[in-house]
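Visitor: Have a look at this one before I ask anything.
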Amino acid sequence: MTGTLELINVNSSKNQASGIVIDVGTLSFQMSDSFVEENAGQGLHIVNQVNSTININGTQFIRNSNGEGVHLQALRYCQALLAEVLSLGNSQNGALLARLSDTRLNVSSCKFDGNSETGVHVDYFLRGGLNLENVSTSNNNRYGYIFHFGDTSINIESSSSFGNGRDGFYVENQEGEVVLKDFAARANRRHGLQFLDKYSARLRSVYLLNCNVSENSQYGVQFYLTYRFTEGTENYTIKVANSTILNNRLGGCMLYPADCGWGGVRRQRRVQLLFTGNEVKRNKKKGLDILGPE
C-alpha cells in the first residue's frame, strides 16, 4: 500500500485475530483518538514499511490476548511518533520494536504498564535514533525495558519503571550511547538498571543523570563488562551524576567481572568512571562495588 491512511476515532476491539494489521508499503499513517482492545491477536501490527511516516496519538491498546499492544516491525527509513498512547495489560509486550533500521522513533507521554512480558521491548534497532520522554513502564511481569543487539543510541528522559518482575531497565549487547536523565527505577524484583555487555561487548558509554534507583530487590545498578572478539583496547565511559541510589537489597552500584579474557586471549576494557554528586545510602550491602574490568 502506498499513500495516506488516517484512522481517527476508530474502535477495533474483540476481534478473533489482531485489531489492525498494516503490511508492506510507503505510507503517511495517522491514528488518533482510537481504541484497540481485547482482540485475540495483537493490537496494532505495522510491518515492512519503507520511507513511511507513522503518527499514533491518543490511542489505547488494552488487554489484547495473543501478542503485543503495538508492534512495529521491519521499518526502514521511517519517521515514527507515539504520543499519549496507553498500552496496558496485553498478553506479551506493551510495545515491540523489532528490526527497525535508519528510522527515527520518538515516544512521549505514554504508558506501557501491566503487560505479561515487557513494557517496551526493542530488538535489533539499527542506526537511526530512539528518544523517549515522560514514559511509564511499570508493573510488567518481566522487564520495564529491554534493548537487545542494536546499535542506535538511546535517550530516555523524565520517565519511570516501577515494580516490574525482573529489571526496570535491561540492556544486552547494545552498541552506542545510553542516556537516562531524570529516570526513576524503583521496587523492581531484580535490578533497577542492568547493563550486560558480553560476547560482542559493544556499548560505548552510559550516562545516568539525576536518576533515582531505589528499593530494588537486588542491585540498584549493575554493569557487566567483559571481552570482545576484535583486537585492541576498548574505551568505555560511565557517568553517574546527581543521582540517588537508595535502599537496594544487594547493593547500590556494581561493576564486574575482574577478568576480561576469553579462551586464554586477553582483551581489555578501559573504563572511565565519573561518579559525582550522588547520594548512595542505606543499601543492604556495598554502596559502590568495583571489581572490574581491568
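Visitor: Using all C-alpha to C-alpha distances in the range 79-143, build P(r) with 5 Å bins and read off the rounded percent in each one.
Guide: In order of increasing distance, the bins hold 5, 19, 28, 23, 19, 6, 0 percent.
Visitor: Rank-order 125-132, 163-170 by packing density, defined as the average count of other C-beta atoms within 10 Å over each peptide's residues, highest first.
Guide: With the highest mean Cβ count within 10 Å placed first, the list reads 163-170, 125-132.
Visitor: If you place +1 on the Cβ of every Lys and Arg, -1 on the Cβ of every Asp and Glu, and leave all else neutral, what size is the dipole of the chain about its Cα centre, to the nearest 20 Debye?
Guide: Rounded to the nearest 20 debye, it is 1060 debye.
Visitor: Positive end of the dipole of the chain, charges at C-beta (+1 Lys, Arg; -1 Asp, Glu), about the Cα centre: which of Leu100, Phe162, Ser116 has its Cα farthest in that direction?
Guide: Among Leu100, Phe162, Ser116, the one farthest towards the positive end of the dipole of the chain is Phe162.
Visitor: With N denoting the number of residues in the range 143-195, provide Rg(C-alpha) divided by 2.2 N^0.38 Å, to two decimal places.
Guide: In units of the globular-protein estimate, the range 143-195 measures up at 1.07.
Visitor: Any chance you could list the semi-axes, whole Å, largest first, of the equivalent ellipsoid that the Cα gyration tensor gives for the range 80-224, using √(5λ)?
Guide: 19, 18, 14
Visitor: Mind giving me the nanometre distance, one decimal, between the label points for Arg127 and Asn51, set 7 Å out from Cα along Cα→Cβ?
Guide: 1.5
Visitor: For the residue pair Leu81 and Asn9, what label-to-label distance in nm results when each label sits 7 Å from Cα along the Cα-to-beta-carbon direction?
Guide: Once both label points are built, they end up 2.1 nm from each other.
Visitor: Over all distinct Cα pairs, what is the inverse of the mean 1/r for the range 1-146, reported as the Kirkwood hydrodynamic radius in Å?
Guide: The Cα-based Kirkwood calculation yields 14.5 Å.
Visitor: Quick one: Ile290, Ile56, fewest Cβ neighbours within 10 Å first, how do they rank?
Guide: Listed from fewest to most nearby Cβ atoms, that is Ile290, Ile56.
Visitor: Let me ask something else. Going down the table (Lys239/Lys285; Lys181/Lys281; Lys239/Lys284; Lys111/Lys239; Lys111/Lys286), which pairs top 26 Å between alpha carbons?
Guide: Beyond 26 Å between Cα atoms: Lys111/Lys239; Lys111/Lys286.
Visitor: Can you pull the three principal axis extents for the Cα set of the chain, in Å, largest first?
Guide: Projected onto the principal axes, the Cα atoms of the chain cover 54, 41, 31 Å.
Visitor: How much length is gained if the chain between Asp102 and Ser116 is pulled fully straight, taking 0.36 nm per residue apart and subtracting their Cα-Cα distance, in nm to one decimal?
Guide: Contour length minus Cα-Cα distance gives 2.1 nm.
Quick note: the coordinates plus some simple rules give every number you see, no bench work behind them. Just so we're clear, the structure is a prediction, and the values are computed from it rather than from any experiment. Counting neighbours? That spans all protein chains shown, and the Cβs are built from the backbone with ideal geometry, glycine included.
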